[in-house]
1. Looking only at helices (runs of 4 or more DSSP H) that lie completely in region A:152-200, which have at least 2 residues being hydrophobic (A, V, I, L, M, F, W, C) and within 26 Å of A:Lys84 (Cα to Cα)?
2. Residues of region B:12-43 being among the basic types (Lys, Arg), free of Cβ contacts under 8 Å to residues at least 40 places away in the same chain and within 14 Å of chain A (Cβ to nearest Cβ), which ones?
3. Hey, any hits in region A:7-27 for a residue that's within 14 Å of chain B (Cβ to nearest Cβ) and in a helix (DSSP H, G or I)?
4. How about region A:322-346: which of its residues are within 40 Å of the chain's Cα centre (by Cα), surrounded by fewer than 17 Cβ atoms within 10 Å (Cβ to Cβ) and among the hydrophobic types (A, V, I, L, M, F, W, C)?
5. Considering only residues that are of a type outside the set (Ser, Thr, Tyr) and within 13 Å of chain B (Cβ to nearest Cβ), look in region A:28-48 and name the one that is farthest from B:Val17 (Cα to Cα).
6. So, B:Ala98, is that one under 27 Å from A:Asn41 (Cα atoms) and surrounded by 20 or more Cβ atoms within 10 Å (Cβ to Cβ) or not?
7. For region A:309-321, indicate whether the set of residues that are surrounded by fewer than 14 Cβ atoms within 10 Å (Cβ to Cβ) and aliphatic (A, V, I, L, M) is non-empty.
8. Consider B:Asp9 carefully, then state whether it is surrounded by fewer than 18 Cβ atoms within 10 Å (Cβ to Cβ), within 14 Å of the chain's Cα centre (by Cα) and within 14 Å of another protein chain (Cβ to nearest Cβ).
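Every number in this text was worked out from the coordinates using simple rules, so none of it is lab data. Given the structure is predicted, the values throughout are model-derived calculations rather than measurements. FYI the Cβ positions are ideal-geometry reconstructions off the backbone, even for glycines, and counts take in every protein chain you see.
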Amino acid sequence: MLIVIYAIVILQSLILLALLALIVRRIFLRFWIKYIEARKNYFTPMVLGLLDEPNNITSLSQKLRPFDRGLIEVLMLQQATEIKGQERTIMTTAFEKLGYVDSEKKNLESRWWWRRHDAAIKLGIMLSEEAVPTLIKAVNDPSEEVRLAAVRALGQTRYPQSITALFQVMEEREDWTADRVLEILVGLGDTHKEPVLSRLTLPMNPRVKVLLVQLCGLMKWSEAVPVLLPLLNDTDAEMRMSAARSVGSIGDATTAEHLTPILQDEQWEVRAQVAESLGLLQNDIAVEPLANFLSDDNWWVRYNAAKSLYQLGQDGISELQELRSSESKVVSGIAAQALAEGELGL
Amino acid sequence: MARILLADDEAHIIRMVEFKLRNLGHEIIIASDGGEALEKATTTKPDLVLLDVMMPVMDGFQVLQQLKSQESTKSIPVIMLTARGQERDVLTGFETGADDYVVKPFSFPELIARVNRVLGKQ
């Protein structure tokens, strides 16, 4: 009986303690949040004022306490992500002068992967050239998340050495990184056009070369055409296919004469791609060669050729109407399908 | 100086734009969602509305449409704030009656120039 009473008393005390702890925690949190808000309100005008008066850095650095450093960093990072142009440069200088770049560079060498990951993301926002060598090192980090963040950060900085490093990553890594770098390069716009085009003329890992060829098409760089045309006769079928796709995407009508002979390619995937690209180039010289491929052995080649004929306008449509009455059921069938789909706007 | 209604659901953007425009002497009214923006535009009759596209309750286009359909608010000029990569929204904005647009991230000199231009037209 006594044991039961003891047990109930102990249990009640434990519940009471837990409740007390919860209340204390709640009170503490309330004050903590108020304190943070007050400090935020105190520093916000100073951080915002940096844009108008960059010399405010001096007064801001004098007021920095260890806890405030983190708070000001958050405010500055938020501000930096929402602005561009000259004011962005001011923010980068502020990050450097207040020592945030140095501390994040240190964090990028932390033993904890999440710290390294956060540091890479922050350095990508800070856009400091000082951080580029450390970010380049982080591209070979054992953690995939850190590698990805470092690659993104390098892309964001847009310094020539960052772009060179991204190319190197593409060549050296056999995992997902190369594809991810391609996405980043697409996001960077035209800033890296020259390095890409000059790289394409050099010997390199074929997988990377294919990615760069695709990049030229995605970016519609007409300057890439002279580099892409010889690749239509490359020994690698994937390269021929990618080159044909990019030439089509760039849309220079005069390149149709270089594409039409590739309709004879031994690989059906290449022929299908060439047939599709010829439709994009809008050059009537493709009408006859495309019509010939409505009897190809492969359905995709026939389908793309017929679809492209429709895209070529009146001449192509007339050709399809004629072929609809062909004796060959294969030819008449695909011509009828392309005409029907075209009329439906598919 | 002008009375400007700033409608955005992101507190730090509001803080930044408010700070900049207040420094230029403008009176700033804040709304943090589409519904509030519409209500404040109707009651306070601002000289200009800076309207974010992506907002809770009502998006920027819905607010714009409502503003342009009400007699009391249809003459208020509106500058749309749109995120990078959503430039197609610009067309929709112009079709609905927006006077101008600014793509985020901002260049403040650009934002201020556009605000001044739209206010100067009035």
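1. Details: elements: A:160-172, A:177-188, A:193-200.
Result: A:160-172, A:177-188.
2. Filtering region B:12-43 down to residues among the basic types (Lys, Arg) leaves B:15, B:20, B:22, B:40.
Filter once more, so that each one left must be free of Cβ contacts under 8 Å to residues at least 40 places away in the same chain: B:15, B:22, B:40.
Within region B:12-43, B:Arg15, B:Arg22 qualify.
3. Residues of region A:7-27 within 14 Å of chain B (Cβ to nearest Cβ): none.
Looking through region A:7-27, none of the residues is within 14 Å of chain B (Cβ to nearest Cβ) and in a helix (DSSP H, G or I).
4. A:Ala340, A:Leu344, A:Leu346, listed by residue number.
5. Of region A:28-48, the ones of a type outside the set (Ser, Thr, Tyr) are A:28-34, A:36-41, A:43, A:45-48.
Next cut, within 13 Å of chain B (Cβ to nearest Cβ) only: A:37, A:40-41, A:43, A:45-48.
On the way: A:Glu37: 19, A:Lys40: 17, A:Asn41: 15, A:Phe43: 16, A:Pro45: 12, A:Met46: 14, A:Val47: 13, A:Leu48: 10 Å.
Among those residues, the one meeting the criterion is A:Glu37.
6. Taking the combined requirement at face value, the residue does not satisfy it.
7. Within region A:309-321, not a single residue is surrounded by fewer than 14 Cβ atoms within 10 Å (Cβ to Cβ) and aliphatic (A, V, I, L, M).
8. Numbers: surrounded by fewer than 18 Cβ atoms within 10 Å (Cβ to Cβ): yes; within 14 Å of the chain's Cα centre (by Cα): yes; within 14 Å of another protein chain (Cβ to nearest Cβ): yes.
Yes, satisfied.
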